[in-house]
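Take a look at the structure set out below.
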Amino acid sequence: MKFITGLLAAVLLLAGMGASHAVVRIADDRGGRIGTYVDRYQSLRSSGETVIIDGLCASACTIVLGAVPHSRICVTSHANLGFHAAWDFGANGRAITNPEATQMLYSMYPAPIRRWIASRGGLTPRMIFLRGKTLQAMFRPCYLDAQASASRPR
């Protein structure tokens, strides 16, 4: 019954959405190349779409926090942000930290995110996760988890 109620709510919600109320759902994004995400999120910023973080958004995915206005980002109870230092492949094929790219990445984040990262030792090769009540205190909640489930993943 809960599934049917959620599905019905999502259908009604989406039926009433116009183009200005389009949503992008992030649910299982492990990140990738910083430049790819900067480009993707610049077009998302221009689109006016709302971003629903409804699962893992790690590494370069987290650039969305600085690229899209805070008022257009919401988080569900499943949201989980993962942060680490930027890296490149070294001459021997191993990952090496890129201090310049790490600083650029860090500077893109809103002040509350930078403070949270700094309180955990900064961006290092080790992944740190922001989720639960701490994350929910920084971003508005998504009104319906059903809304996130019915939206197209990105």
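Derivation of every value follows stated rules applied to the coordinates shown; laboratory data play no part. As the structure is a prediction and not an experimental result, all values here were calculated from the model. Note that each Cβ is placed from the backbone with ideal geometry, even for glycine, and that neighbours are counted across all protein chains shown.
For segment 25-150, a simple Cβ point-charge model (Lys and Arg +1, Asp and Glu -1, everything else neutral) yields a dipole of about 320 debye relative to the Cα centre.
One chain, two ends: Thr97 and Ser71. Fully extended at 0.36 nm per residue, the span grows by 6.1 nm beyond their Cα-Cα distance. The Arg120 and Ala22 beta-carbon pair, evaluated with R₀ = 41 Å, returns a calculated FRET efficiency of approximately 0.75. Distant-in-sequence amide contacts of Asn98, defined by a placed amide H-H separation under 5 Å and a gap of 5 or more residues or a different chain, comprise Ala86, Trp87, Asp88. Multiplying the residue separation of Ile128 and Gln42 by 0.36 nm and removing their Cα-Cα distance gives an extension gain of 28.5 nm.
In units of the rule-of-thumb radius 2.2 N^0.38 Å, segment 25-150 shows an alpha carbon radius of gyration of 1.04. Counting only Cβ charges, +1 for Lys and Arg and -1 for Asp and Glu, the dipole size of segment 25-70 around its Cα centre is about 120 debye.
Note on His78 and Gln136: the extension gain reaches 19.9 nm, defined as 0.36 nm multiplied by sequence separation minus the Cα-Cα distance.
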